[in-house]
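So the structure is just underneath, and the comments pick up after that.
Bear in mind that the values in this text are calculations on the coordinates, not laboratory data. Values in this document were obtained by computation on a predicted structure and should not be read as measured data. Here the Cβ positions follow ideal geometry from the backbone for every residue, glycine too, while neighbour counts run over all protein chains shown.
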Amino acid sequence: MELRKDYFADVRKDGLHEIGQPRPRLDSPGHVTGKTAYFADRNFPGMLHLKMVRSPHHHARIRSIDTSEAEKHPGVVRVLTAKDVPHNVYTILILIQIGPEDETVLADGKVRWRGEAVVAVLAETERAAQEAAAKVKVDYEVLPAVFDMEEALKPGAPLVNEYHGQNYYLYDSGECRKVRFGDVEAGFAQADHILEQSYRSSPIEHAPTETTGCVVAPEGNDRFTCYTNTQAMFFTLDNTSIILQMPGSKLHFVGGTVGGGFGGKVDVIVEPIAILGAKLTGRPVCFIYSREEEMQISSPRAAEKVVIKDGVMKDGRIVARKVTGYTDAGAYSRHSPYGAQKGAAHYPGPYTIPNVWIDTYCVYTNRTPSSAMRGFGVTIGDFALEVQMDKLARLIGMDPLEFRFINAYRDGDMKAHRQPTEGAALIECMQEASRAANWPVAEKYMAMSSYKKGA
Amino acid sequence: MAKVPVQFTLNGSEKAEFIESGTTLLHALRDKIGDTSPKGGCHQGTCGACSVIIDGELRLSCLTLAETCSGADIKTTAGLAEGGVLHPLQRAFLDAFATQCGFCTPGMIMAAKVLLDRTPNPSREDVVEALSGNICRCTGYEPIIQAVLTAARANSQNAA
Ligand code: FES
Ligand code: FES
């Protein structure tokens, strides 16, 4: 790796001795010798296997649940329903005051997406748990469902999640997250060209090589050790403590080894119910998603829709940007209100635009709840923004990279969030990119600097 | 469920177990014998994380019944280092940043070992072909391919 020390030579702190030096990863000796202990490498005598009975419907009222046949199945030790869970309705981000609680650990009265957990079966073997799960009888009254964000926002749409009372998340700023800067309509009035485009994305599954799961061992004195591949250890510990109404001191979580996560293992789904199973049976419990469950049940990246309207001058300056973003949370919030909020912060792009207007909605539909995935809330936004930038450049007949130099934010510029830009270095990145990609730009752009001192 | 006796060699030592008929080799190794180096990623023969070497052939242990392995010579990544010295493949994976989460690594190393045992000087295409049954969701494959090529060079230098 080459270190370019000529950039910001007068402001950089030197004497750095880590950057640019290869360092072996601490965990790789364990990986190459097969010694790294993943959660499923823990095996305890007498361990029970947990299998979920899941909703076959996208939206349905539960009239009744009959577990009697399942309980009689050879090898079954215990069957759990909603009434066994001490605090059954929860939401992950309640720990940072983002509510309301809107999701059930085990469905109670209603299912809101296909694949939702309804009944947990604990048995001596995986096979017995599977066979018994198939014997649980749930009587459903199927309800109309909504799968499209625009449909969900229409008056009279089926109400997905009663805990919200409407099919969108209510922020303290209202029905959406907003950014207002300058006067966007005046900007459009002044623009030489206006371009409005819509962009859409589908959900994306992380597909980690190791599936989601945990292994729980009762330690006596009502204490439990949970080996898990969570990516969010303290969210998991604290939410489990709330769901099970147990002090955190009784819960010992062991993690840190994750066989691929990419954001897909930040939700708190497997641990509370597995620990509850261990508590009620006094036996170790393992709950591991099959590959099929991982692909169908684990929360994906949200589907998004982004509508961008830009006003641009012939000389390349963007003078107005209006964005409406929609994030499909699926049936429950999980991390999606936060994802939609990040979008609002991100849509001005790394560009200096004097007039900006942004609304982002977190919408509920009867789809698999979406959640975190690598840069969620901003990755799809970047895709949309940069495709839009190329289209704008084409519209005014300008080179797309030169067009970005004109609009790139530089130190001292005011951002749409009313924070002055500091340490941008975007100009320098684009200069390097231009060289690396052999995409020449006019000399005046190569002479620019993000750091405006003396400029 | 009927139990059947199986006896095989695992990384040079004799193993004998009574297992339930129908148990996969992956489960037998991990849950009965305690070698957890083969990983279960899909349990349906598509990810390669459970790859082991049986009588010199690369096999998916999730699709191999343990009871068919009697008398076999089985090798896993856990047995690859000799006397605490890493195998050249292990060394190369370590040095080339070819592991991230590490979950695919034991299976990758087994697949690479079968390749190098047969083709000591593989081309890049040979490596890609040999690893094509092993899924890695983290590395983007390129560091893995480089590691295998590096290990092959180290091997041929040792031989020379
Ligand atoms: S676990 Fe055997 S191929 Fe995936
Ligand atoms: S290193 Fe994570 S799957 Fe390969």
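Put in line by how crowded their Cβ is, counting other Cβ atoms within 10 Å and starting with the fewest, A:Ser290, A:Ser68, A:Ser298 read A:Ser68, A:Ser290, A:Ser298.
Per 0.36 nm of contour for each residue apart, how much would the distance between A:Leu395 and A:Ile19 grow if the chain were fully extended, relative to their Cα-Cα spacing? Extra length from A:Leu395 to A:Ile19 when fully extended: 131.2 nm.
To the nearest 10 degrees, how steeply does helix B:105-118 sit against the main Cα axis of chain B, on a 0 to 90 scale? Taking the Cα atoms of chain B, the angle to B:105-118 is about 70 degrees. Share of pairwise Cα-Cα distances greater than 22 Å in the range A:47-169 is 43 percent (whole percent). Both the radius of gyration and Dmax for chain B are 15.7, 54 Å, in that order, over alpha-carbon atoms. Straight Cα distances below 21 angstrom link A:Lys154 to the lysines A:Lys178, A:Lys305, with same-chain residues fewer than 8 positions distant left out. Extending 7 Å from the Cα toward the beta-carbon at both B:Ser70 and A:Met313 defines two label points whose distance is 8.6 nm. Over chain A, dividing the summed -39,500 (n - 2.57) contributions of all DSSP H runs of at least 4 residues by the number of residues returns a 222 nm mean residue ellipticity of -7000 deg cm²/dmol.
Rounded to the nearest 20, the Cβ-based charge dipole of the range A:242-376 about its Cα centre (Lys and Arg +1, Asp and Glu -1) stands at 200 debye. Can you give the FRET efficiency to the nearest 0.05 for A:Gln190 and A:Glu71, using r as the Cβ-Cβ distance and R₀ = 56 Å? Using R0 = 56 Å, I get an efficiency of 0.20.
Just to be sure I understand: of the beta bridges DSSP finds with both ends in chain A, what percent are antiparallel, rounded to 5? Roughly 80 percent of the beta bridges in chain A run antiparallel, per DSSP.
Between the amide H of A:Thr209 and those of B:Arg137, distances stay under 5 Å, these residues lying 5 or more places away or on another chain, with hydrogens modeled in the peptide plane. What is the list of residues in the range A:286-318 whose amide nitrogen lies under 12 Å from a point 7 angstrom out from the Cα of A:Phe383, following Cα to Cβ? Residues A:301-306 fall inside that zone. Reducing the range A:10-52 and the range A:393-455 to their Cα centroids gives an inter-centroid distance of 38 Å.
Taking 0.36 nm per residue of separation and subtracting the Cα-Cα distance, full extension of the segment from A:Gln419 to A:Met233 would add 63.7 nm. The coefficient of translational diffusion for chain A, derived via Stokes-Einstein from the alpha carbon Kirkwood radius under 25 °C and 0.890 mPa s, stands at 99 µm²/s. In this calculation the C-beta distance from A:Lys137 to B:Ser21 is compared with R0 = 35 Å, giving a FRET efficiency of 0.65. The range A:406-455 gives an Rg/Rh value of 1.02, both radii derived from C-alpha positions and Rh following Kirkwood. Once both labels are positioned 7 Å from their Cα atoms along Cα-to-Cβ, the gap between B:Gln44 and A:Glu443 label points is 6.2 nm. Basic side chains Lys and Arg get +1 at the Cβ, acidic Asp and Glu get -1 at the Cβ, and with that the dipole of chain A about its Cα centre reaches some 280 debye. Give A:Lys309/A:Lys391; A:Lys83/A:Lys250; A:Lys35/B:Lys75 a once-over and call out the pairs whose C-alpha atoms are over 18 Å from each other. Where the Cα-Cα span goes over 18 Å, the pairs concerned are A:Lys83/A:Lys250.
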